[in-house]
Each structure stands twice: as structure tokens, then as C-alpha cells.
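The structure appears below as C-alpha cells.
Read-outs: derived from the displayed coordinates by stated rules, not from any lab. All figures in this text were calculated on a predicted structure; none of them were measured in a lab. We place every Cβ from the backbone using ideal geometry, glycine too, and count neighbours over all the protein chains shown.
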Amino acid sequence: MALSRVQVTDFRCLHSVVLDLDPEFTLISGPNASGKTSLLEAMYVLGRGRSFRTRRLEHLIRHGAERFVVFGEVDTATRRVPMGVEGSRAGVRAQIDGDRPASLAELALQLPVQIIDPEVHHLIEEGPSRRRRFLDWGVFHVEPIFVGHWQRYQQALKQRNAALKSRQPRGVVTVWDSDLARSGELLSAARTRYVAALGQPAQAIAHNLLGMDLALSYRSGWTKDQDLAEALQASWHHDQESGATQVGPHRAELSIRLDGTLVKDRISRGQQKLLAAALLIAQIKLFPQDSPVQPSLLLDDPAAELDEERLAGLIREVSAQSVQLIVTTLHGEFPAFGRPGRSYGIISGKIEAA
């Protein structure tokens, strides 16, 4: 089951929008700058608690408003679950089934959402932190206990870095090493398992889209011949000089090679887009089959920057996945995905059923 309804209030150019979504395929069409991407962004925020376009929360609030609200209803295998996200300059608040979640990560349990948009190449082009977020979303759904390891690691890292920044003595800084090492080792092991599982479907999809051999590997963020506790001890002087912890999973990287060559800065923008799409589709392919909800895949103008052959390949791969598909396009139809269960047209932030 999937997202059945979304209501968006004061989000970017959208004043008040309500959509009923098809569990299989919903099409949203409209001209450039009409609000299509903002609508997908609102759905993404509902499932992630953050945007894929900006880190600045105030950019999401409609001009003249004090906050935005995105409300949704998700049909699970057993019932309909209401959820919502409210954002203001004070921060983000979420609610799931009437309760405040302990973490925004819990939103993803109810609404697992991914997006392939014209900027998807940033997954390849940008620094390691974006690829770490990509991995962690996938690991979280395959191994739900992972979020606990991640949260404990982040808390210990925050405290250790604060002590380093304030130039505390070694005995005060290293009091956090035990928690950091224990949770970091568990976090890293889960990521390593996930990358190993992701490699096979990603390789097959990348070959179909790019005609090249893909290889993935995980670099933990510290040297292989040490455990994390040893690496923290060895890095003490470096940490002290920099005022921050220099080893650990927060320094990890997903290494990506095509035909044996590291991809960063060595493939075209179009190839980066297809490679990133291959990774995201492979991630959806690994999504647990026994989950009470299915992933929602947002496709924002998939024809942008792709020739007909590559677009056809992307459509074939997406169509083979068990997802709720929500697609935007400049035109009123997208026959390659078949007939949509629901269609909408949007102009100047106002939407109507087509």
C-alpha cells in the first residue's frame, strides 16, 4: 500500500493543494515554474523531514506565511495512517498517527520515498555525505535496528567534537570513545552488508542503462588494519589539532567504479544521471517484500537531458519495480508508463484533476 492523499499548505508557491493519489501511477502535468517540483518536494519532506533541494528550511515557506504544513494519509496493509510535517523558522515538527515521533527517521517507516529528478546527478557529483545519506536510508529499511546505532553514534560524536572544540583534556574527550567505537562498528558493519547486497542489482541496472560494468565498495572511514577504538587512539593528535574527530563512519565513502575507473569527474552529466538513477532503482529493488507499505518513487520530468534511447531504458527499469509511481511532465500524458490511475494539471500553484 502507499500514500493515498496529500494536503500541502503554504509550501513554496503552493498555497493550498489537495491530491488523491493512485497506489500505482499518478501523473502531474504543467508548464515550467508551475509548482510541479514543489509538489514532489512536499511529498519528499513528508517522508524524510527534509528537502532534496535545500538545507534552508525558510526557503520552503511560502512568501508571506509563517509556516508550511504537509499532511498525508498512508494506506498500509491493515489501516490508513495519518502523518504530517510542519516547518517554521523555529524548526520541523512531525506527527504520525497522532503522536510525535522520537526521530524524523520514523517518517520513512510510514512513507519510504525516493526521487529521480533532473538534479539526481548530485548523488555522484557531490561529496561523500550525500552518498552516506543514500546508504543510510537503504540500510534503515533493510535493518531497522540500524537507526539506533546511527543515533547513538551521532550523539557520542557530537559530545566528543564539542569537547575537542573547547580544548578539553584528553581524559575528558576520550570518555566518549567507548560509545563511539561500539556504535560506529555496528553502523559500519550494517553499511558494509548493505553495499554488498546492493552491488548485484545495481550492476545489472547500470549495465542496462549505461552499457558499463559497475562496482561498488564501502570505505569505513578508518584504516582496515585497526578497529575503530584503535583508530581513535591513533588519531588523537590529529583530532586535537583540528578540533574534530577525523576517523569513523562519518568519514566513510561509497566508492563507485565504472569499467574499473572511479566515476567522480570522469563521466558526462547524462551518464551521472543514469548512474544515480541505477543506484536508486537498485535500492528500491532491495526494499523488503514483507513491508506493510511500498516505496513511493517520484519522477520529476524524467525526459529532461535524456535522449529517447536512454529515456526508454530508464522507463523499462522503473516500470519493473514494485513502487507507487508519481510522475511530473510538461505534457498532459506520458504513455510509456501506461494509463495513470489519476491525472492532474497544475498552473501557477493551482491544481485540478485532468
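Using the beta-carbon distance between H331 and S291 and R0 = 35 Å, what value does 1/(1 + (r/R0)^6) give for FRET efficiency, to the nearest 0.05?
On the way: r = 33 Å, r/R0 = 0.95.
According to the calculation, E is roughly 0.60.
Students often check this: by mean Cβ neighbours within 10 Å, which of 98-104, 284-290, 110-116 ranks highest, and how do the rest follow?
Per-residue Cβ counts within 10 Å, averaged per peptide and sorted highest first, yield 110-116, 284-290, 98-104.
Answer with a single label: of [x] 22.8; [y] 21.6; [z] 23.7, which was calculated as Kirkwood radius over Cα pairs in Å from the structure in view?
Matching entry in [x] 22.8; [y] 21.6; [z] 23.7: [y].
At 222 nm, what value in deg cm²/dmol follows for the chain if DSSP H runs of at least 4 each add -39500 (n - 2.57) and the sum is divided by all its residues, to the nearest 500?
Numbers: 11 runs with 137 residues, N = 354.
Dividing the helical sum by the residues of the chain leaves -12000 deg cm²/dmol.
Looking at the chain, send over the antiparallel percent of its DSSP beta bridges, to the nearest 5. Could you put the intermediate results ahead of the total?
On the way: 41 of 59 bridges.
Within the chain, antiparallel bridges account for around 70 percent of the total.
Could you give the length gained by full extension between E352 and K165, i.e. 0.36 nm per residue of separation minus their alpha carbon distance, to one decimal place? Before the final figure, lay out each step's value.
Working: separation 187, 0.36 × 187 = 67.32 nm, distance 5.34 nm.
Answer, rounded to one decimal: 62.0 nm.
What helices in the chain pass both tests, a Cα length along the helix axis of 30 Å or more and a mean Kyte hydropathy of -0.5 or higher, using whole DSSP H runs?
Values: long enough: 177-210 (45 Å, 0.04).
What comes out of the filter, once short or polar helices are dropped, is 177-210.
What nm value, rounded to one decimal, do you get for the distance between E66 and R251 when each label is placed 7 Å out toward the C-beta?
4.5 nm
Express in whole angstrom the spacing between the alpha-carbon centres of the stretch 27-75 and the stretch 188-230.
32 Å
Assuming 0.36 nm per residue, please report the length gained on full extension of the stretch S319 to H122 beyond their Cα-Cα distance. Present the calculation step by step, with values, prior to reporting the outcome.
Working: separation 197, 0.36 × 197 = 70.92 nm, distance 2.33 nm.
Using 0.36 nm per residue and subtracting the Cα-Cα distance, I get 68.6 nm.
So, in the stretch 119-286, how many Lys pairs have Cα atoms under 28 Å apart, if the pair is 8 or more places apart or on different chains? The partial results should precede the final answer.
Details: K158/K224; K165/K224; K224/K264; K264/K273; K264/K285; K273/K285.
So the count of such lysine pairs works out to 6.
Give me Rg over Rh for the stretch 119-286, both radii from the alpha carbons and Rh done the Kirkwood way, two decimal places.
1.03
Quick one: if you stick a label point 7 Å off each Cα along the C-beta vector at E230 and V92, how many nm between them?
It works out to 3.9 nm between the two label points.
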